[in-house]
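Inspection log for the structure reproduced underneath, given as structure tokens.
The values are calculated or read from the model by the stated rules, or taken from the named source; none is laboratory data. Model, not experiment: these values are computed from the prediction. As a convention, Cβ positions derive from the backbone with ideal geometry for all residues, glycine included, and neighbour counts pool all protein chains shown. We work out accessible area using only protein heavy atoms, side chains counted, and drop any ligands, DNA or RNA first. Shrake-Rupley method; radii C 1.70, N 1.55, O 1.52, S 1.80 Å.
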Amino acid sequence: MSTILIRTLIVYAFLIIAMRIMGKRQLGEIQVSEFVITLLISELVTYPVMDGDIPMVYVAVPIITLLSAEVIATYISTKSKRAQSLLGSPPCILIEKGEIKQGNLKNVRFTLNELISEVRLKGYADITEVDYAILESNGKLSVIPKPEYKNPTVSQLNLPYINSGIAHPVVINGEINSRSVALAGKTSEWVLRTLSAQGFDSLDNICLMLVDNSDKIFIQPVDK
């Protein structure tokens, strides 16, 4: 039993390193080749974990080979459009200038109900509001509304605008997040003073505290 446990932990660590080598893009935007490699790796690690007679090198060598092939193929695809088209499908226009491209829907096996559903998920209740809908290489749908349905920008409305940056979570579950405090340009003492001024005498009473680069503060106390 201890052997299986140790071998499982070794394989787990090896797979974490392998996924880190592949990069974050593969986790969020998996391509066909990456999906195939994921399936192969899941099959490769099963038997060595359960069978102690199989050397661990029998896991390492195939996985390293697959990762090397994926890295090389990705590099080649960035240099060659032909290789890119072979390794991944190009974007496909499903709606063009408000017109549904029925032939393209059939080519990518995308039904009208799926198209309408994806458009709703993008925040458009009516498909007639859409100017372009493009099925990207990673399988996600990009939706561009018609000009009359686009939200106006601050510059178009001639409104004053202050770039407040991002909200930094300086306190999470009663603990000061030192990294976020530093990114916000504040100190732990500032956090404590600000909370005290708001009537909070203990960090234990704070569920979440945010501060952005314009010093806008949000405090969510712990539910009583």
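The single condition from (1) surrounded by 12 or more Cβ atoms within 10 Å (Cβ to Cβ); (2) of a type in the set (S, T, N, Q); (3) more than 30 Å from Y124 (Cβ to Cβ) that Q220 fails is (1). With respect to the conditions (1) within 30 Å of T111 (Cβ to Cβ); (2) open to solvent by 80 Å² or more (accessible area, probe 1.4 Å); (3) at pLDDT 70 or above, I100 falls short on a single one, namely (2). When segment 182-217 is limited to residues that are free of Cβ contacts under 8 Å to residues at least 12 places away in the same chain, farther than 14 Å from V171 by Cβ and not aliphatic (A, V, I, L, M), the one that is most open to solvent (accessible area, probe 1.4 Å) turns out to be D215.
Being within 30 Å of V130 (Cβ to Cβ) and open to solvent by less than 70 Å² (accessible area, probe 1.4 Å) is a property that V154 has.
Hey, among S117, S142, which residue is touching a Pro at 6+ places or on another chain (Cβ under 9 Å) and either of a type in the set (S, T, N, Q) or exposed (fewer than 10 other Cβ atoms within 10 Å of the Cβ) (or both)? Going through S117, S142 in turn, the sole match is S142. Do we have any residue at all in segment 149-169 that's assigned to a strand (DSSP E or B), within 23 Å of the chain's Cα centre (by Cα) and under 23 Å from S214 (Cα atoms)? So far as segment 149-169 goes, yes, one or more of its residues are assigned to a strand (DSSP E or B), within 23 Å of the chain's Cα centre (by Cα) and under 23 Å from S214 (Cα atoms).
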